[in-house]
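Single-structure report; data block below.
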Amino acid sequence: MWHLALSLIVFYAVHSALALTGVKRWAGERLGLVRWYRLAYSIQSVVLLGWVWSAYRHADRSLWCELSTGMIIGGILLMLLGALLAGVAVLRFGGSAFLGLRPEVPSGLVRSGLHGRMRHPIYTGTIMVLLGWLLLAPTPATALCIAITFVYLPLGIHLEERKLIAVFGDAYRRYQQEVPALWPRWHTR
């Protein structure tokens, strides 16, 4: 299990480090990755996720309990809804640009659609997928993956919001006060 924990910690550490503005700037200046930084970022994420998946496959995956029909249906529904939520949010920014297959076009501060109800729909979708996964695979390995992810999420959100405040300033600070981070606001102002 330590191998799984290490792979996740490295994945999240590299993910956060490479998202820092200073690292992006350095990679652009020193490595000439200005145009292709997002693609290189996506490729390294896939490679590190491969390591996580391999470590997961070799970790303790003995079931804590028998799966019930309700757990299976609930798990599948949570995973599908979470994937849909995250997918819609990614497509809002342009899926191919998000992956680095084409240049990102600055869009300004997005406050419409899902982002008018919650600031981080991709993270919310990820949480839903993880909880669904736990229902479908209630194992020590799954629980470890989810626990490490839940420990990381506040840090990841903090770093992302710090970067957004640097870009959008007071407009983003107002957005933080008006729109919840992870759980949607259903009423409109």
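The values are calculated or read from the model by the stated rules, or taken from the named source; none is laboratory data. The model shown is predicted, which means the values in this text are computed figures rather than measured ones. All Cβ positions, glycine included, derive from the backbone under ideal geometry; neighbour counts span all protein chains shown.
Are there helices (runs of 4 or more DSSP H) fully within region 1-89 with at least 3 residues that are closer than 30 Å to Gly116 by Cβ? List them. Talk me through it step by step, then tell me what you get.
Numbers: elements: 2-19, 21-31, 37-57.
Qualifying helices (runs of 4 or more DSSP H): 2-19, 37-57.
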Those residues of region 42-57 which are at pLDDT 90 or above and either within 18 Å of the chain's Cα centre (by Cα) or surrounded by fewer than 14 Cβ atoms within 10 Å (Cβ to Cβ) (or both), in sequence order: Ser45, Val46, Val47, Leu48, Leu49, Gly50, Trp51, Val52, Trp53, Ser54, Arg57
Pairs please, first residue from region 1-26 and free of Cβ contacts under 8 Å to residues at least 60 places away in the same chain and under 16 Å from Lys163 (Cα atoms), second anywhere and aromatic (Phe, Trp, Tyr) and assigned to a helix (DSSP H, G or I), Cβ atoms under 6 Å, 6+ apart in sequence or on different chains. Leu18/Tyr41; Lys24/Tyr37
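Does region 30-41 hold any residues that are touching a residue at least 40 places away in the same chain (Cβ under 8 Å) and loosely packed, with under 14 Cβ neighbours inside 10 Å, and which are they?
To start, the set of residues in region 30-41 that are touching a residue at least 40 places away in the same chain (Cβ under 8 Å) comprises 35-41.
The one that is touching a residue at least 40 places away in the same chain (Cβ under 8 Å) and loosely packed, with under 14 Cβ neighbours inside 10 Å: Arg35.
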Residue pairs qualifying under the 9 Å Cβ cut-off, at least six apart or on distinct chains, with the first in region 172-183 being under 15 Å from Leu109 (Cα atoms) and without any contact (Cβ under 8 Å) to a residue 12 or more places away in the chain and the second being of a type outside the set (Ser, Thr, Tyr) and surrounded by 14 or more Cβ atoms within 10 Å (Cβ to Cβ), are Arg173/Ile165; Glu178/Arg111
So which residues in region 138-189 are within 24 Å of Ala19 (Cα to Cα) and assigned to a loop (DSSP other than H, G, I, E, B)? Gly169, Val179, Pro180, Ala181, Leu182, Trp183
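Would you check if there is a residue in region 147-167 being basic (Lys, Arg) and more than 26 Å from Val129 (Cβ to Cβ)?
Narrowing region 147-167 to residues basic (Lys, Arg): 162-163.
Narrowing the set further to residues that are more than 26 Å from Val129 (Cβ to Cβ) leaves none.
Scanning region 147-167, I find no residue that is basic (Lys, Arg) and more than 26 Å from Val129 (Cβ to Cβ), so the answer is no.
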Kindly indicate whether Ala141 is more than 30 Å from Ile165 (Cβ to Cβ), at pLDDT below 90 and surrounded by 14 or more Cβ atoms within 10 Å (Cβ to Cβ). no
I need every pair where a residue in region 43-61 that is aliphatic (A, V, I, L, M) has its Cβ under 9 Å from the Cβ of a residue that is outside any helix (DSSP H, G or I), sequence separation at least 6 or different chains. Ile43/Gly100; Ala55/Met1; Ala59/Met1; Ala59/Thr139
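Being surrounded by 12 or more Cβ atoms within 10 Å (Cβ to Cβ) and among the hydrophobic types (A, V, I, L, M, F, W, C) narrows it down to one residue among Trp183, Trp133; which is it? Spell out how you get there, then give the answer.
Working: Trp183 fails: surrounded by 12 or more Cβ atoms within 10 Å (Cβ to Cβ).
None of the others qualify; the one that does is Trp133.
Given the condition under 17 Å from the mean Cα position of the chain (by Cα), of a type in the set (A, V, I, L, M) and at pLDDT 95 or above, answer yes or no: does some residue in region 72-79 qualify?
Just the residues of region 72-79 that are under 17 Å from the mean Cα position of the chain (by Cα), to begin with: 78-79.
Filter once more, so that each one left must be of a type in the set (A, V, I, L, M): 78-79.
With at pLDDT 95 or above added as a condition, the list becomes 78-79.
Yes; the residues of region 72-79 include at least one that is under 17 Å from the mean Cα position of the chain (by Cα), of a type in the set (A, V, I, L, M) and at pLDDT 95 or above.
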Could you figure out which of (1) more than 17 Å from the chain's Cα centre (by Cα); (2) modelled with pLDDT of 90 or more; (3) loosely packed, with under 14 Cβ neighbours inside 10 Å isn't true of Gly113? (2)
